[in-house]
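What follows is a short report on a single structure.
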Amino acid sequence: MTKLIIDGKEIDVPPEYTLIQACEAAGAEIPRFCYHERLSIAGNCRMCLVEVKGSPKPVASCAWGVRDCRPGPNGEPPEVNTRTPMVKKAREGVMEFLLINHPLDCPICDQGGECDLQDQAMGYGVDTSRFAENKRAVEDKYLGALVKTSMNRCIQCTRCVRFTTEVCGVAEMGATGRGEDMEITTYLESALTSEMQGNLVDICPVGALTSKPYAFAARPWELGKTQSVDVMDGVGSAIRVDTRGREVMRILPRVNEAVNEEWISDKTRHIVDGLRTQRLDRPYIRENGKLRPASWPEAFGAIVAKAGRLDGKRIGAIAGDLATVEEMFALKELLAKFGSSNLAVEGGHAFDPALGRASYIFNPTIVGIEQADALLIVGANPRKEAAILNARIRKRWRTGQLKVAVIGEKADLTYAYDYLGAGPDTLGELAGGKGAFLDVLKNAKHPIVLVGSGATSRHDGAAVLAQAAKLAKDIGATKDGWNGFGVVQPTASRVGALDIGFTPAGKGLTAEQMGTFGTLDVLFSLGADDAKVADGTFVVYIGTHGDKGAHRADVILPGAAYTEKSGIYVNTEGRVQMGNRAGFPPGDAREDWAIIRALSEALGKTLPFDSLAALRQQMFKATPHLMRIDQIEPGGAIDALAGKGGSIEKAPFKSPVSDYYLTNPIARASAVMAECSRLASGQILSAAE
């Protein structure tokens, strides 16, 4: 530790700190524009100037290291002042320079009310300017469907350039020209291709980069703010849902160092318009091949007429990607009243909860990636399946301490890797003690074997999973204090479903068997839009959007979207998270657990709870770790999974996420996501098109 005296207060800080970090540790507030704690240091805005005793002029605290400060003549600790007249005058001068060319856009700027330049001009600037020259004009740039530019406002802090290059791993932004002619732009003015480009809006300290879909929609002080979690993938990013009245206006990230740091993916941020489009707001019944609006009693009557006296073996349920744990638990209890164990979660057929929790969660944890020194990716495209987790892998890779290898599809993952092969043969070689990357894995202190949905979504997914677990065990990835076997689940519902046993138990049918002609008479689909359903099966669809599941349904019961209900989700690392209600469902739509409770009474199989609290109480009795919010229940050993074996086909691994932007009903209802999908597929190339 190094001693410093900051504003007369003596503190100890690590020698690798910069002065800006040391000053903040001492409680001093340092203004800044170019400095960002998650990006490299640029030192080009000069707003963070401080006075170091003995220095003839102010120094940029973001670029000056603590170890570079000289002690006093008698060995006294270095002295730093942040509030002297010299510092005040220097900051006023810098602010005056920054505002020379800045337009007076505040009344019409989307950043108004949450703008760093606005706040710091008030706090550290002066109320007049000595410059009367004409302001420079810069042409706006095209960056794609999500980021709107107003480059007259740009102060060249280069945060956007550093973010796209360092965090996103897509070096598509840069600066052209010098001095007054300097401009930030994309190469050839094409659309950005990163799945995290929406974060540019958050890190831009002025109004140069703003949200295109949210342009001129609302002011920040008009909005109600609700803390929640994201369900667009299995990562469970911390988000803030901003609403005006009943309508969700935007979704922003919250800081959660253990999961998403302060980033969110574009799908998380921009599916907002999908929450209000193509919504199911009343029950429907299919008559003569067509769906007609109905009342709740009519819809329940149609279900009772079909399912009231059926044998439990002829009734099944499939849960979709966005289901909360509570509604899956309620549906499981309802089917148990029928004596049915025909339960499945979409994409969960390869996992068996009886083999232990470690067999289906990401055991190293997301923050644990920063300890890893070797990573083998098996049948996964983390960039599409879990963009935030992929950013964490890139963060570790940039330190030079992580070696990565891939078995599966060749894809641009934003970091370099050794490509070992396309399918199970290569995995079999490694598991058999051969292969080029085996020594790297064996010699690593914290190796990770990451298995993705390209491996687990196959018919032989369980056998592939077992072989990957055997490899993890053989290379020593599971030892005291470290479990390097991890499964990346691409959906928000899957880990929670497996935790509560929403799986075919005993002689229960799998999702594939339920989709076979003649096996079921009635199927309850809890937002399972991608489930295969056989002709002749009576489908009760509980969901939010008029998507594929609703098109196949015989009775539609309108549910609540994730922003319209309180619910528990479990992310891919097994972390229990609570999503909070920010608004209310439209029309006659109701929360899913309440629909299932009301339906159980109509069927004469009344469930023993009348409130969400009572439901949770029962659920916590059955699965106690679900009550520990924001905690991870350790998975345990993977020995049972590693010893399972099974026959494996030779077909190469292929990720089931073909279009990152259109993976669920909310995303498919979003016009913004549709445009992003067209851009990603190359159908639109530039602003002119």
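The values are calculated or read from the model by the stated rules, or taken from the named source; none is laboratory data. These numbers come from a predicted model, not from an experiment. Counting neighbours? That spans all protein chains shown, and the Cβs are built from the backbone with ideal geometry, glycine included. For the accessible areas, the whole protein counts, side chains as well, though only heavy atoms, and no ligand, DNA or RNA atoms are used. Shrake-Rupley method; radii C 1.70, N 1.55, O 1.52, S 1.80 Å.
What net charge is computed for the residues neighbouring TYR284, neighbours being all others with C-beta under 14 Å from the C-beta of TYR284, Lys and Arg scored +1, Asp and Glu -1?
0
Compute the angle between helix 612-622 and the longest alpha-carbon principal axis of the chain, please, reported from 0 to 90 degrees and rounded to the nearest 10.
That helix lies at roughly 80 degrees to the long axis.
What Kirkwood Rh does segment 432-473 have if only Cα atoms enter the pairwise 1/r average? Answer in Å.
11.3 Å
Quick one: in segment 298-360, what % of C-alpha pairs are over 19 Å apart? It would help to have the intermediate numbers written out before the result.
Working: 837 of 1953 pairs.
The share of Cα pairs beyond 19 Å in segment 298-360 comes to 43 percent.
Mind listing P(r) for segment 1-136? All alpha-carbon pairs, 5 Å bins, whole percents.
Going out from 0 Å in 5 Å bins, segment 1-136 shows 2, 10, 19, 20, 18, 12, 9, 5, 3, 1, 0, 0 percent.
If you build the Cα gyration tensor of segment 83-130 and take the root of 5 times each eigenvalue, what three semi-axes come out, in whole angstrom, biggest first?
Whole-Å semi-axes of the equivalent ellipsoid: 21, 12, 7.
Quick one: 3J(HN,Hα) in Hz for segment 554-567, Karplus 6.51/-1.76/1.60 with θ = phi - 60°, rounded, Gly and Pro as x.
Each residue of segment 554-567 in turn: 9, 9, 10, 10, x, x, 10, 6, 5, 8, 10, 8, 8, x Hz.
What residues qualify as long-range amide H neighbours of PHE485, i.e. H under 5 Å apart, gap of 5 or more or another chain, H built at 1.01 Å from N?
For PHE485, the qualifying residues are VAL449.
Considering segment 53-126, what Rg and Dmax in Å follow from its alpha-carbon atoms?
16.7, 56
Shape verdict for segment 362-440, please, from the Cα gyration tensor: rounded (a/c under 1.5), prolate (a/b greater than b/c) or oblate.
prolate
Jot down the radius of gyration and Dmax of segment 109-175, Cα atoms only, both in angstrom.
When restricted to Cα atoms, segment 109-175 yields Rg and Dmax of 14.8, 42 Å.
Could you give me D for segment 166-250, from Stokes-Einstein at 20 °C and 1.002 mPa s, where the hydrodynamic radius is the Kirkwood radius over C-alpha pairs? Units µm² s⁻¹, please.
137 µm²/s
To the nearest 10 degrees, how steeply does helix 296-307 sit against the main Cα axis of the chain, on a 0 to 90 scale?
Compared with the principal axis, the helix lies near 50 degrees.
Out of residues 5 or more away from PHE538 or on other chains, whose amide H comes under 5 Å of its own, with H placed 1.01 Å from N in the peptide plane?
Close amide H contacts, sequence-distant or interchain: VAL522, LEU523.
Once the Cα atoms of segment 523-665 are picked out, what are the Rg and Dmax in Å?
Just the Cα atoms of segment 523-665 yield Rg and Dmax of 18.7, 52 Å.
Identify the trypsin sites (Lys or Arg not before Pro) of segment 276-363 meeting these criteria: DSSP loop state and at most 11 other C-beta atoms within 10 Å of the C-beta.
Sites meeting the loop and neighbour criteria: ARG309.
What trypsin sites (Lys or Arg not before Pro) in segment 159-233 are in a loop by DSSP, with at most 14 other Cβ atoms within 10 Å of the Cβ?
Loop-located and lightly packed - ARG178.
To the nearest 10 square angstrom, how much accessible area does ARG244 have with a 1.4 angstrom probe?
Result for ARG244: roughly 90 Å² accessible.
What are the ³J(HN,Hα) values, in whole Hz, obtained from phi via the Karplus relation 6.51 cos²θ - 1.76 cosθ + 1.60 with θ = phi - 60°, for each residue of segment 590-606 in sequence order, with x given for Gly and Pro?
Going residue by residue, I get 9, 5, 4, 4, 5, 4, 5, 5, 5, 5, 4, 5, 5, 7, x, 10, 3 Hz, with x marking Gly and Pro.
Cα extents of segment 603-689 along the three principal axes, largest first, in whole Å?
59, 43, 34
So if the hydrodynamic radius of the chain is defined as the Kirkwood radius over C-alpha pairs, what does Stokes-Einstein give as its diffusion coefficient at 20 °C and 1.002 mPa s, in µm² per second?
78 µm²/s
Across the chain, where is the longest run that never hits chymotrypsin sites (Phe, Trp or Tyr not before Pro) in a DSSP loop with at most 15 other C-beta atoms within 10 Å? Working shown, then result.
Values: sites that count: PHE131, PHE216, PHE517.
Longest gap between qualifying sites, sites excluded: 217-516.
Quick one: Karplus J couplings for segment 374-382, per residue in order, coefficients 6.51, -1.76, 1.60, θ = phi - 60°, nearest Hz, x for Gly and Pro?
8, 9, 10, 9, 10, x, 9, 10, x
Which percent of Cα pairs goes in each bin when the distances of segment 185-322 are cut into 5 angstrom slices starting at zero?
Histogramming segment 185-322 at 5 Å steps yields 2, 8, 12, 16, 15, 10, 9, 9, 8, 6, 4, 2, 1, 0 percent.
From the alpha carbon gyration tensor of segment 422-500, can you work out the equivalent ellipsoid semi-axes (sqrt of 5 times each eigenvalue) and give them in Å, largest to smallest?
Semi-axes from the Cα gyration tensor: 23, 17, 9 Å.
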